[in-house]
Structure formats: structure tokens, C-alpha cells
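What follows is a short report on a single structure.
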Amino acid sequence: MSELTKSPYDPLLQVQKDSYRCGKCMLCKFIDHNEMTDTDFLAICPSGLRYKYEAYYASGRQEIARGLLEGKLEYNDRLLHILFTCTECGGCQVICSDQGNKNPLKTIVALRERVFRDELAPLPEHETLIKSMENYENPWQQPRARRDAWMRKMKLPDPRKEKVDTLFFVGCTQAYDPKLQNIARMTAEILEAAGVKFGVLGKDELCCGSTLLRMGNYDAYEKMAQKNVELLNSIDVDRIITSCSGCNSVLREEYEELGGLDAEVMHSLELVDELIQSGDIKLKNKVNRKVTYHDPCHLGRYTGVYDAPRSILEAIPGIELVEMPRNRANSFCCGAGAGVRTAYPEFAGWVAGERVREAVSTGADTLVTACPFCEQNLGDVKQPKIELVDILELVRESMG
Amino acid sequence: MAIKEIDLTVKELYEEVYTELKKIVGEEWVENDPMILIGYSRDQSLETAHNPNLVVLPESTEQVSKILAVASRSGAPVVAWSTGGNTGGGCIPQRGGIICDMRRMDKVFDVDVENMSVRIQPGATFGKVYIEAEKVGLRNAVPSAPASVSMLSNYLDKGVFQVSNKYGVGTDSILGLEIVLPDGEIVYTGCLSQDNYGSICVEGPGPDISGIFHASMGTMGICTQMVAQLYPLPKFEDIVPSRCDEDDMERVTEFLREIAREDCTIETILFQDTYLGMGITMNHDGAEIIRPQLPRHNAIVYIGGETEEEMEIRREQTMGVLERTGVELSPDTMLELMKSLVPWERCFKIIQVTPRVERMTGCFELFWFNIAMDQAPDMARHFEKLTRKNFADTDPEKSDRPYPYELATFYLQALEFGRSGMLEMDAYPNQGEPEGVKRGLAMARDAIPFILEKGGQFDRPYGGEQSGFGWVQAPLLGTYFELLKGLKHHMDPYNIMNPGRLGITADQAGV
Amino acid sequence: MARRSGTDTKLARARLWEIMVDTLRFTTDEDEISSYLEPGSPTENIIAVISPRSQSDIVHALEVARSYKLAVYTPQPWGIKPKKTGFIIDFKSMADVLGLDAKRLFLQVEPGVTWEQVLPDLAAQGIRIALPAAAHSKYILDSVMEREIVQSACRFSNRQLGTFHAVLADGREYRSGSDALPTSIAHWREDGGPNISRVFSGSRNSFGIPIRGYVYLYPEPEDRKVVARGFASRAQACKLAQAAARSEIGTEVVILNKAKAKDLLGDDPGLEPWTVVFGLEGSPKLVAYHEKRLGEKAGELKLTPKAAGAKAAEAFSEALGRPWYAPPLSIGFYTNLSRVEELAGMVEAALKSKGGLAQMIIPVKRGASVYLQFDLPESGNGAAAAIEKLLTELADAGAFFSNPTGSLAAHIFSKQPPYLRLLKDIKLLIDPENVLNPGQVVEV
């Protein structure tokens, strides 16, 4: 047990070896050098790029972990800023795990969990989210009764009552955010038009628990996730799809630690791509846009879905796709993740501004993404040269 | 002593310095918070961690000059830190003090295509410069180090490159320097010593003082700008992988020498199976697939030319050397295997941009030194014995990445027509295990004296007192070391610039 | 500084004679002394010229210098300007080739070994040395310590010295590079730490007296062919030369005007106003390929060079096999290709009344820089004064003088006070009594 932590369980002990073995190669600061094309867009770590000090990069956070384990550091407010300006985008992880055989993201998550257990966290700004989760089982302080507001005008089956092969897991953000509810609706419309037999849980859908996990409240996350696993496994479907990248990564990856889901989990884009390829979705109308695609961290790096969105865009007639210098596994985070947008909106806005600047540099007139958090954060950047759209909007437009 | 005898406690001193530094760089760019300081306490070496007292991030030479003037007045040690990639403890603040983190000074100013040069700041990485140079058909000479490392620091530190046989070592690529001296004064050397010199690739003017700052680890001043040489980027390129059996190390050393004399290749380096596996595949799983299929010794030969015809002529010359020296061309199956593991273009970029990051156990311990080529086989064989002695009984099951430690690796690079060679020998202690660190230090205690005894020279005297080449070598250097001490004392009378380096004690520094 | 008393001088002279013991290695003849000095310099300040046989002789001579507060001078390209009383060391008696390693490509020489001395042995062993293109000294070690331009600078650069050993003013032996380690045999030029040894080069022996050096050798190529291409103008010649240099075509790439070519060849074999001489080396295929590429490059640049005849090519080939010496009145500096016309124009304008200039241009390190050399015909009429004025003007205009001496050195170094201060400090650190060549490069 470490000296400082009060809890009998110290999450840092799980990552102790990594924190010592960090070889300071500094690759965690940059995209894969073999993919570099533009010197203006080399950085991968948003907090490091903004705040510059070592502590704001994975390499520095490894040292903090080591310092805490050795009892050489005492908690202070600066620690919270260092830890919670990390969007947990996983950019540092790509190169480091591949070449360094280490897991820096795990160290960061462990640090957050530790400060939570030692009651240094949550941040005041995150307390609202956590209380919302306790009271409403969603982070948006919205009553459960309103969870199905997005689908009131649609008649969608309940998979517990009607046999379907697909469950559409909407997620809290698209369910509650008025600006994003149309994404949920469009997903449903597209699936219907393609003849997919799907259902939704409506008001009974539970939060995936991602918010709690990212805040460091692992115990609460585990409880919620366990509930969700039990609920989802009780429904007889072949697959579960979601249009939320955050839900996608949690359901697909994190739930494995809790036994996993029986059904196959995929992002809606993966299914849409299949349906386009099979001809079940017909893209008739031209959509004349020059687009660039932002890979959401939780869709790309966390679950490896890079090709499906690109395949979709290339299938839409009239679309010209240009890649940003930082794309696929090297995608630069939008700045919203892991509670950063809530706790540090100015910083989150700055990161989004960087990403939009990169998008503008491609000459594209449209920035496309596939994640509600990305859309919220990137959407806040006032940039007349480029329009932000969800990929499903383009699909819908082309379907007619 | 590191801090002048004044009527202040250490805490008060640094509070004063902190206040002064804030006036220079602004509040945002100077820190004394322990959470920030600890990020600068370690590097990849086995040197003990030490925290600085302050970290400051200047954005201009003028700010660096003012910072050093403050440090000089107060006696606070200063350690320059460009990208933190030093592998020999060079930027660990052994005596505390101020870390001068140069990363905000990361510009690549301009690539001079006609004269094949580039002007850079300390924070500019190899990768960044490579991209800019490639756009205009040029390349920087790249070491066997991550592309995230500072090019300026590496060149100043006598970096050795895959192209060193052809283009020399890091110091050969330095055309001009801008240095902030310990008292804050700024001096320019080489082509920067006058505004209108352009980029000139010869030493001078006059006695070349730039050498004082080579491999000095910031002990004589902080370099804030460099004009560096670039080289032609071949339009056509290929790799000729070659192999030799383990018992024929003499043969493959001879091959390297012959290739160097023939001067028909751009890069030629000798790798072992472990090293090559990691270098090509860049991960452990890939290395584990490739390693058993490789012979112990492999030579990677990179040929190229302006035209395909030239490249083929070079290939023919290379094949001639292979035949003369009895080294075999690696079979196509090996090439196919490598291509299946990684995109082929990446192999070139790996060699050109990010040659290798082998981190099998999280870090590695390196000893690199200069020798006559003939000495390489014996040195390497003895080194293998030393690693077996120090690591072989380690239980790989206890490590989360079991790897046979006795597989010491080395990397041999012929220099300048094979007149001499740079031999790097690596061991793989696990920093995550106290036992691993202990073994690594024991390895250093064995290896360094052995290398010196057998005629190896460390031209980069890395390390602190714990495991440093510099400390063991320095007393053997005769009059050179006497002059070095005198120079250090003269340039830095209060021994504030990265004290505890170059094998110079505080007493010897005259403080 | 007060002149030494006659008695002191006599005693010092006597001590030096005791060390040298041989009239061939000791002289006080005024005419001979005068030949080492800058024209017009008084000989009274020089008490003797000595030719030590060994390191020990030099150490003892330095002891005398220190005891009697004398300066020690070594030969300077434009003559010594002795500001302090002292004696001159000429290295002609330390002329042993200590080693010739054809495998490891080092030539170990004493300071009195000349270029001509070693060439037959090198040829016999099938190895070569990078020959000077504008040597001010017949001695190899002197030339390489001063980083003098070599004919093959395009490919091999100017750095031709591995390690050296020197005697410092206090008599201590200094060893550079890996030689500082008693066990090292690599003769690797980088020091075991900061490269302090670099201050010795370009210093005209102001920091130490070299007594041994390991000079680079090169293997003979499998095939070699010298070709020459003529042009009407310097600019055209430079274009082709630079393109070739950039493509790594040519070990030697040398641009000569007619006057310079005539100086080197002895007569004019009907050359164009400007000629570029290429020494092509490698395998037979590579040589043929390079020759072909020269033609292609000329075409790409829309140049129509005239190939010099076989006789001229042969003459150039022979010339490239011997050292080239700079005449007494000459200017040499470095710049970038884009400034050749401008700076050459300055020289031509300033010296047009002094007779025909022989000009040479050599791309250095694949054309990253170029070296320009201007030789005046041997004549008086104020040429020396004109040159002195021109040198400072050129320096101000950005011409890079790699190893300036005397007033030019003072002028250049004074432009950057911290640089000058550092130089002086290093000089005083290594030679606190300012014994070695005082005022020749660094005035303290």
C-alpha cells in the first residue's frame, strides 16, 4: 500500500512498472513519425501542446506516478489540473504500446482513480456530472422520462417485446442534447430505410457509465456497467449498434473486464457501410462537398474503426475526401473527452480550435465526424470557412 | 559549491530567482510546483532521479541570456533541456537548480536549398526537420534515435548517423552556432559569426572555438540556434540486406570496412538479430517473429542514386564487396518476411527518420565508443560475456516481458573509409525492477573500465558519478583533461552550468 | 615591451645553440632570418632560427623561451611580423614519416614532412592523400592543421587530420582526439568530451606546436578519368560544377580561368576562358556513368561546354597528382555559389591594375560552399597594399576567411567582441605567457 493513499487498494501499483520503465523517448508527444507530412501538425498530445511542461505529457505523468508511489510527492491542486486536462485520447498510447511495450493511458487512468479514491477528486465541475449520474443515471441532469423524447414521433419497437436482430443503443448525449437528437433520428431512419430490424430501449436505456470511468470514479462506473451488462445480455439480439463513439468504446472494450456482452457491438457506421456495400442503402443524390474526416478517439484509437467512415464517404457521389495531416490512429483529439470540456472549457475550446485549423488547412469546406462529443466541442469553434456535419447527415442527404 | 555563499537559505534564494524569472518569461512559463518539477527528474539512463528547483521555458535567445545572467548572479545551477531525449543522464539536474526547457524554441527557420543547410532552434526535432528538408529534395543526417529528439542537441553531442561513413558525425554537420555563455553574453561561431556569411561549411574563422561547445552538455553555455548541413536525398533507393554467421564476426567487420573504403553506399550498419528485429518491426511481437529467422549478424546496406542506373551501379559495387568478403546476401524469404511485417516504404523512413526504438524492457543501457575497426569483434564478444555475467541468471518469468538478457546487442558503424568505427553495445536492464537497476549499474561498472582498457574512447562523456563514462575516462585523458578543467573554470567560474558533468568535480571546477 | 638586454639575448642564443648543436639547425644569419619575416619587418627581434630534431628539442627550446621571456614563432604564410623578441622554429629537421598504414588509411608524420616526400611511397602502396589546392606551406602537417583547401574538397571536405600531438608553451605534451587515451589506437579526431582540440587548427600554432599528426589517406579507386570542360564565362562553369557537385559527381571538381590553368600546366593547351576539371572515380561503370551524366547535366542547364582535348586532360591529370601552392600574393576565401560573381567582381575591380588574376573556384562538400582563390602575378606596384585593403573589404562583404592572420584576423574577430574575448581567454589559458606566435592570429 502506498503511503498516501487511504484506500486499501492502490491503482498505481498496477502501473508501477510502466512508470519506472518510461524510457523518455518522447514519442508520446508526437504522431507516428512515419506518417508525418506537415510540420504544423505534429503534436498528438493536447494538454502537452497547450501547457508545454513535461508533466502534461504521458512521459511526465509517468514520473508523477513514480513520485507518488515513492512518497516523494504530496497531493496539491496542480496535480488535479495535470491529470484532468488529459482528454484520455490515447494518442500517447499508440506509439508507446506499439514500440515501447508500455501503457501510458493506463497510468493516467490509474492516477485519476487514485486521486478519486483519496477524495481529491472529483473536481467541483465534475461533481455536477457525478451527482447527475447518481440522481438521473445520465450526466446531463435530465429526467429519465425525457430519455425517449428524440423518438416520440417515431414508432420504434422495444426489443424486449418484439423480436429484432439489432439493438440501437442511443447513448445519453444523443438522447438528451437537442442539437444532437437528430443524429439518433437519422440513424433510426437510415436503418429503417435499409430494412434493418432494430429496436430501442427508450426510457429504460441506461448510461454506459463512460462519464464515471473518465472521472476516476471506478466503483460507481463498475456498478452502472454491471447493471448495463446484465440488461443488455438479457435482450436477445445479434448485435448492438450505437452512434456514440464513447458508448461504442465502453460497450465494446471496457465491458470485457466485466464479462462482456453476448451480442456483437459495432458502431452504426460499420453497419451503414455494410448496408451500402450490399446495396441495401442506395446513395442516389450527389452531395457536392470537399470533406475532411475527424477520427473520434473512441471510435478510431479505442476501437480501431477507421475504414468504415471513409468507405461511406467515398461511396457518396460528389464527395471529395481529403485527409488531415493527423488522421486515423494519429488523429488529434477534439478536446472534449474525459470531462475536459466540463472542467476546462477554455482549454477544450483551444484544442478544438487547433483541430478546426487543421481541417481548414486541407482546403475542405466540410468537417465530418461521428461522435456527439466531438460535434459539441468542434461545433463551438466559430469558423466560417468550414461547416461541421455528422457523417450520417451526408448519408441521409444522399439517400434522399 | 553550486550556490554562492550569500546570506539566504536555499528556499529564499530560489524564491528570489523565481520572481526574477517571472519578469523575464512571464508567469505562465516558470514553475516551482513539485508536480511540474518531477517531470524533469529522470531520463532514460540509470542515473538517480533528481528534481530541479525551478523550470523555465524561454521563447527567445534574449530570454535565455537574461535567465543565465540571473542564474550567474545567484549561483543557481542551470541545466539546458531541449527535448529530454538524452540517454546518458545529461539533463538530470544532479544539483537541483533551474531546468531551462527549450521546447518553446522549436523553429525550423528556413531550408537553404542552394547551399543545403537549415537553421534550427533546440526544440526542433529530427522529424520536423526531415519533413521540411524532404519537401525540397534534401535530408538531414539522422541518428539511430527517435525522431522526437532534438536535432541541435544531437549534432552538438556528436551524434553518429547511419550515413556517418559518408557524411561524418554530428559535429561535421554544424556550420554555425549561437551560444549563450554562462554570464548571459551571446557568442556566434562559424557561419553565424557574421550576418552576411551565408551558410559556410568550413571551420573558422580562425581557431575554431565552436568545439568547446561540442559534447559539453550545456556545461559551457546554452546553444540557442544552429545552422546545420543537409544532404541530397536520393531519388532512387533500395536496401541490400546482408548476413553473416555468428562465428564470422571478423568477416563482417571486414565487410563493413571494405564497403566503407569503396564508398559505394549511403548507409551501412551492422545489426544483430535482436536489434534488427526491433528496428524493422518496431515492436516486440514482430521482433519475436523475425529474430529466430535471422542470423546473429546482419548488415543493412542502403544504396541510392540520382537515377536508377546509378543505384544499380552502386548495387553492383556492393555485391562485389559481398563476394570479396564472403558475406551473403540475405535470402528473398527474409525480405518477404520483413515486407509482410511492415510497409516497405516504412523501412526506408525508419532508417531515415526513426531508425529504432528498442525498448524491450522499457529502456536500454548503452555504451558507445570509438575504436579501430579491428578491435570490434573481440570487444563485442567480451561484452556478451559481461552481459551474461550480469544478467543471465535473471528469471525472465518474473519480468512482464520475458526476454533473455544475455542477448546483448551491438551496432557497429564504420566511419570515414573505415579508419575507425563506432561501436555501441547495449544491455537491457529493467528499470521497473530494483534488481534490474542494480544489474545495470553493475554492468556499467564492469563495462566502462573494460572498454577503456581495450582502447575504446568515449567521445561523449555521459553520465554522472553513478554510471558515467565521463567520470571513469576523464582522469586518463592527460593534458586534455587539465585544459578542459581550466576552460570550464574560466567560462563558468561558479560552476552553475550543469554541474557534475564531464568528469569534473566541484573542486576541480575551482569552486 | 622592453627589449631584451643584449646580455639576455646572447645567453638565450647560447642556450639554443647548446640544444641544436649543429650549424645546419641553427642560424643567426640576417638574410635567412629575413626570409621568414613579413617584408619590411626588422630582423632585430629575431635572435635565431632553429630546426629542432625532436620533441625534446622543442621542449628545451620552449624552456629557454620562458626563461628569457622570448616569443617562439613558426613560419607564417605571409611572413612573421614579430612584435616581441623571440626565435623561429623551422621544422625541416623533423621530417620523418613515422608510419604509413594502408589498411587503416593514416599517414603519421612529423611536422617537417613535405608533400613531395610522401608521394612516391603512397603511389607504391596504392593509396593517396588529399593534395592541397592552395598550400602556403610545403609541410603536410602545417597545411592540414590550417585546414587549407584541397583539390578534392568537393568530395572529401577540408578536414584531413585525424589526431595530432603538440607541445604546449609550458612544455607539456597535448594529444588530441582519442590519442589522449594511452590505450586508444583509433586516432579518432573527436576529443573525449568537448572538442577543445579544434582551437589548435586555424591558429597558426598559437596554442601549441604540432609535433606529430595522423593525416588521412584514401584508397586508390578502381578506375579514374580526368575530364575537362571549357566555358566562355565563370558563371557557366560554376553552374555545371555545382550541378555535378550536388550530384556527387567528381572527387575533384576545380574551376580554373585560363591564367590559372596556364600556371598549373606550364602552358596553354588551347583552353577556353574557363575550364572545369573533373576527377571521376569509382568502378569503370561509375566513371563512365559520371562522364555521361556531365553531358546530360550540361544539357539540362542549357550549357554547351567544349570538351578539352586529350592532351589537356592528360596535363590536368598530371597536375592533380601533385600539390598546388599558393603564390606569395594571393587571396582565398569561402562563400556560397550565389555570391561568387559579386565577390569575384569586387576582387577583379580592386586588382585590375595589378596584372592578370589567376582564378580558381572549388565547390566544397558537394557544393555546399565554394572556395575562391585569386593569384596575382609576382609584381610589386603596390599589390600587397591593395590586397590588404581588399581583404578587409571582402571580410566586411561576407567573404569567409577560414584562417586569417595578422590585421585581417584582428579585423574579423573584433566584429564580435564576445568571440574575440573568448579567443583571447582561451589563448591565455593555454599559453598564459603568450609565448607562441604572439600577435600572429590572436593578439592578447
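Extent along the principal axes, Cα only, for segment B:108-232: 38, 30, 26 Å, with the longest axis given first. Going by Cα centres, segment A:335-398 and segment B:298-321 are how many Å apart? If you average the Cα positions of each part, the centres end up 49 Å apart. The accessible area of C:L428, taken with all protein chains in place and a 1.4 Å probe, comes to roughly 70 Å². Sorting C:H60, A:H81 by accessible area puts them as C:H60, A:H81; the probe is 1.4 Å, largest comes first, and only protein heavy atoms count. Taking A:A193, A:A110, A:A55 in turn, the Gaussian network model of chain A (Cα-Cα springs below 10 Å) assigns the largest fluctuation to A:A193. For C:V150, the amide hydrogen comes within under 5 Å of the amide hydrogens of C:A133, counting only partners 5 or more places away or on other chains and with H modelled in the peptide plane. Taking a virtual spin label 7 Å from the Cα of C:I185 along the C-beta vector, which residues in segment B:433-467 bring their backbone nitrogen under 20 Å of it? So the set is B:449-459. On alpha carbon coordinates alone, what is the Rg over Rh value for segment C:33-136, Rh being the Kirkwood radius? With Rg and the Kirkwood Rh in hand, the quotient comes to 1.07.
Most simply put, the protein assembly as shown has about 75% antiparallel DSSP beta bridges, counting only bridges with both residues inside it. Specify the residue with the greatest mean-square fluctuation among C:P52, C:P418, C:P219, computed from a Gaussian network of chain C linking alpha-carbon atoms under 10 Å apart. It is C:P418. Excluding ligands, DNA and RNA, the accessible surface per residue across chain B is 29 Å² with a 1.4 Å probe. Out of the total accessible area of the protein assembly as shown (probe 1.4 Å, heavy atoms of protein only), what percent is carbon and sulfur? In the protein assembly as shown, the share of accessible area belonging to carbon and sulfur is 49 percent. Its alpha carbons give segment A:324-381 an Rg and a Dmax of 10.8, 32 Å. Overall dimensions of the protein assembly as shown, expressed as equivalent-ellipsoid semi-axes from the Cα gyration tensor (√(5λ), whole Å, largest first), are 64, 35, 28. Both radii come from the Cα set of segment B:17-118: Rg as radius of gyration, Rh as Kirkwood radius; their ratio Rg/Rh reads 1.04.
Buried between C and B is an accessible area of approximately 7700 Å², summed over both sides with a 1.4 Å probe.
Pairwise inverse Cα distances across segment A:227-272, averaged and inverted, put the Kirkwood hydrodynamic radius at 10.6 Å.
Each part reduced to its alpha carbon centroid, segment B:185-243 and segment B:466-511 end up 24 Å apart. With all protein chains kept in place, the per residue accessible area of chain C amounts to 35 square angstrom at a probe of 1.4 angstrom. Mean separation of Cα pairs under 8 Å and 6 or more residues apart, divided by the residue count, gives chain A a relative contact order of 16 percent.
Each listed q (0.08 Å⁻¹) maps to a log10 I(q)/I(0) for chain B, found by the Debye formula over equal Cα scatterers with no solvent: -0.50.
Taking a straight line from the alpha carbon of A:K197, these lysines sit under 17 Å away, with near neighbours fewer than eight places off in the same chain left out: A:K155, A:K161, A:K163.
Buried surface for the B/A pair, taken as the accessible area of each chain alone minus that of the pair with a 1.4 Å probe, is close to 4000 Å² in total.
How big is D, in µm² s⁻¹, for segment C:223-319 by Stokes-Einstein at 37 °C and 0.692 mPa s if Rh is the Kirkwood radius over C-alpha pairs? This corresponds to a translational diffusion coefficient of 251 µm²/s.
The mean number of partner chain beta-carbon atoms within 10 angstrom of a residue's beta-carbon across peptide C:393-401 is 4. A cut-off of 5 Å between modelled amide H atoms, ignoring neighbours fewer than 5 places along the same chain, links C:E190 with C:S178. Principal axis extents of the C-alpha atoms in segment A:63-201 (largest first, rounded to whole Å): 60, 38, 27.
Sorting C:H187, C:H136 by accessible area puts them as C:H136, C:H187; the probe is 1.4 Å, largest comes first, and only protein heavy atoms count. Descending by average beta-carbon neighbour count within 10 Å, the peptides A:381-389, C:309-317 line up as C:309-317, A:381-389, the highest first. Per the Cα gyration tensor, segment C:9-93 maps to an equivalent ellipsoid with semi-axes of 19, 14, 12 Å, ordered largest to smallest.
With q set to 0.21, 0.25 Å⁻¹, the log10 of I(q)/I(0) for segment C:330-403, from the Debye formula over equal scatterers at the Cα positions, is -0.88, -1.20.
Can you classify chain A as rounded, prolate or oblate using the Cα gyration tensor, where a ≥ b ≥ c are the square roots of its eigenvalues, rounded means a/c under 1.5, and otherwise it's prolate if a/b beats b/c and oblate if not? Note, shape of chain A comes out oblate.
Once all protein chains are placed together, A:S210 keeps about 20 Å² accessible to a 1.4 angstrom probe. Note on chain A: with a GNM built from Cα contacts shorter than 10 Å, the maximum mean-square fluctuation among A:C247, A:C371, A:C25 falls on A:C25. Hey, if you drop one equal point scatterer on each alpha-carbon of segment C:103-159 and run the Debye formula without solvent, what base-10 log of I(q)/I(0) do you get at q = 0.16, 0.27, 0.31 Å⁻¹? Once normalised to I(0) and log-transformed, intensities are -0.47, -1.28, -1.41.
Averaging Cα coordinates gives a centre for segment A:5-60 and one for segment A:70-124; these two points are 10 Å apart.
Under conditions of 25 °C and 0.890 mPa s, segment C:97-219 yields 169 µm² s⁻¹ as its translational diffusion coefficient, taking Rh as the Kirkwood radius over Cα pairs in the Stokes-Einstein equation. Remark on segment A:85-120: accessible area falls by at least 40 square angstrom from chain-alone to full-complex state for A:D98, A:Q99, A:N101, probe 1.4 angstrom. Within chain C, the proportion of C-alpha pairs whose separation exceeds 40 Å stands at 21%. Surface calculation, 1.4 Å probe, protein heavy atoms: A:D158 sits at approximately 30 Å² accessible. Pairs over the 30 Å Cα-Cα cut-off, from the set C:K10/C:K92; A:K106/B:K11; C:K83/C:K389; C:K81/C:K352; B:K389/B:K454; C:K258/C:K292: A:K106/B:K11. Of the residues A:F30, C:F164, ranked by 1.4 Å probe accessible area with the largest first, the sequence reads A:F30, C:F164. Under the criterion of Cα pairs below 8 Å and six or more residues apart, the relative contact order for segment A:124-273 equals 25 percent.
The values are calculated or read from the model by the stated rules, or taken from the named source; none is laboratory data. What you are looking at is a predicted structure, and each value in this text was computed from that prediction instead of being measured. For neighbour counting, all protein chains shown are included, and Cβ atoms are generated from backbone atoms with ideal geometry for every residue, glycine included. SASA here: full protein model, heavy atoms, side chains in, ligands and nucleic acids out. Shrake-Rupley method; radii C 1.70, N 1.55, O 1.52, S 1.80 Å.
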